[in-house]
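Read through the structure below, which is laid out as structure tokens, and then see the notes.
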Amino acid sequence: MILGCHLSISGGLDQAVARAEELKINALQIFSHNARSWKMGPLSADDAKKFLERRKRAHVEYAVIHTIYLINLASPDPKNFKLSVQALTDEVQRAGELNIPHVNTHIGAHIGQGVEKGLERIVEALDSVLASPQAKSAPTVKILLENSAGEGTELGASFAELGMVLHNIKDKNRVGVCIDTCHAFCAGYDLTTPRALDKTLSELERTVGLERVELIHLNDSKFPLGSRRDRHEHIGQGHIGLEGFRLVVNHPALREKPFILETPKDDDSSDPTNVARVRSLRYDGRT
Ligand code: MN
Ligand code: MN
Ligand code: ZN
């Protein structure tokens, strides 16, 4: 199975690969720079080279960049909108330079403009990112839109909203979807029984298309179904529970997709524990 964690790049991008090797995982997710700052600066050639070399030696099959949380592709504020488009564009360029196939992003919040206007802004933002010379020079990089928990005016809590964005952008081949289990559950999509999961996935198929789901974020939820509160919990210790994750990681429509954990990091044992727990849930033992 393709399974990894969100890993720190402290000490350099190549250190994320080192951390993946230590955890014996074959996938990783990173922020490409300080996630609390708009300032990105160009990727240093040395940093990129070290990352690529380290990855060549490691058994990391899958990597994804997660954008910073400041990005709001639906922002009604022109300055913030522009910064968001620029930041996503820069991340796509970086992914190209690092030979990383996916840039995963939250789509944003409408902040009072209303859902329809917010979704229009997101389409406008993605069209402009994908028309940029940077995106053209990284033609193999795809942007993944992550479903949200629906806190406040966050968009993309419903699969239908993600579907609307997908259907309205110009360059459809360059955008896919990431489903976060905690966010889906908090947005009201049950995953905890075979029937509930099938119902959730048929809604996903109808609105987005399962083949457009290119990444799964595996997170348990501190809060119950439909709570619209985004707080991640260790696998099996939240309201989704071990049985829910057993269904998710074995479902024929999901099992071949990459799984990335964004579970809490209380101490050094957190990631190994969550990784081992997920692996133990696979039926065929093909870990
Ligand atoms: Mn996310
Ligand atoms: Mn996530
Ligand atoms: Zn979350």
| request: Working only within the range 56-85, note down all residues that are touching an Asp or Glu at 6+ places or on another chain (Cβ under 8 Å) and part of a helix (DSSP H, G or I). | output: none
| said: For the range 258-282, which positions are touching a helix residue (DSSP H, G or I) at 6+ places or on another chain (Cβ under 9 Å) and outside any helix (DSSP H, G or I)? | reply: Phe259, Leu261, Glu262, Thr263, Pro264, Lys265, Arg282
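A quick yes/no check of all residues on (1) over 19 Å from Ile107 (Cα atoms); (2) within 16 Å of ligand 1 (Cβ to nearest atom); (3) not in a loop (DSSP other than H, G, I, E, B):
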site	(1), (2), (3)
Leu201	yes, no, yes
Gly226	yes, no, no
Arg229	no, yes, no
His239	yes, no, no
| said: Given the criteria more than 15 Å from ligand 2 (Cβ to nearest atom), acidic (Asp, Glu), modelled with pLDDT of 95 or more and surrounded by fewer than 16 Cβ atoms within 10 Å (Cβ to Cβ), does Asp271 qualify? | reply: no
| said: Criterion first (surrounded by fewer than 20 Cβ atoms within 10 Å (Cβ to Cβ), within 14 Å of ligand 2 (Cβ to nearest atom) and either under 23 Å from Glu161 (Cα atoms) or modelled with pLDDT under 95 (or both)) does Arg231 satisfy it? | reply: yes
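Kindly indicate whether any position in the range 163-173 is crowded, with 22+ Cβ neighbours inside 10 Å and more than 26 Å from Ala63 (Cα to Cα). Write out each step before concluding.
Of all residues in the range 163-173, those crowded, with 22+ Cβ neighbours inside 10 Å come to 165.
Adding the requirement that they be more than 26 Å from Ala63 (Cα to Cα) leaves none.
The answer is no, given that none of the residues of the range 163-173 is crowded, with 22+ Cβ neighbours inside 10 Å and more than 26 Å from Ala63 (Cα to Cα).
One line per residue, one yes/no per condition, for (1) at negative phi; (2) buried (at least 22 other Cβ atoms within 10 Å of the Cβ); (3) within 13 Å of ligand 2 (Cβ to nearest atom); (4) of a type in the set (Asp, Glu):
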| site | (1), (2), (3), (4) |
| --- | --- |
| Leu144 | yes, yes, yes, no |
| Asn147 | yes, yes, yes, no |
| Leu155 | yes, yes, no, no |
| Asp190 | yes, no, no, yes |
| Glu211 | yes, no, no, yes |
| Leu215 | yes, yes, yes, no |
| Gln237 | yes, no, no, no |
| Leu242 | yes, no, no, no |
| Val248 | yes, yes, no, no |
| query | Among the listed residues Ile179, Ile122, which satisfies the condition of being within 25 Å of Cys5 (Cα to Cα) and not charged (D, E, K, R)? | reply | Ile179
| task | Being more than 16 Å from ligand 3 (Cβ to nearest atom), more than 14 Å from Gly4 (Cα to Cα) and outside any helix (DSSP H, G or I) narrows it down to one of Leu254, Leu247, so name that one. | result | Leu254
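The values are calculated or read from the model by the stated rules, or taken from the named source; none is laboratory data. All values derive from a computational prediction rather than experimental measurement. Every residue, glycine among them, receives a Cβ derived from its backbone with ideal geometry; neighbour counts consider all protein chains shown.
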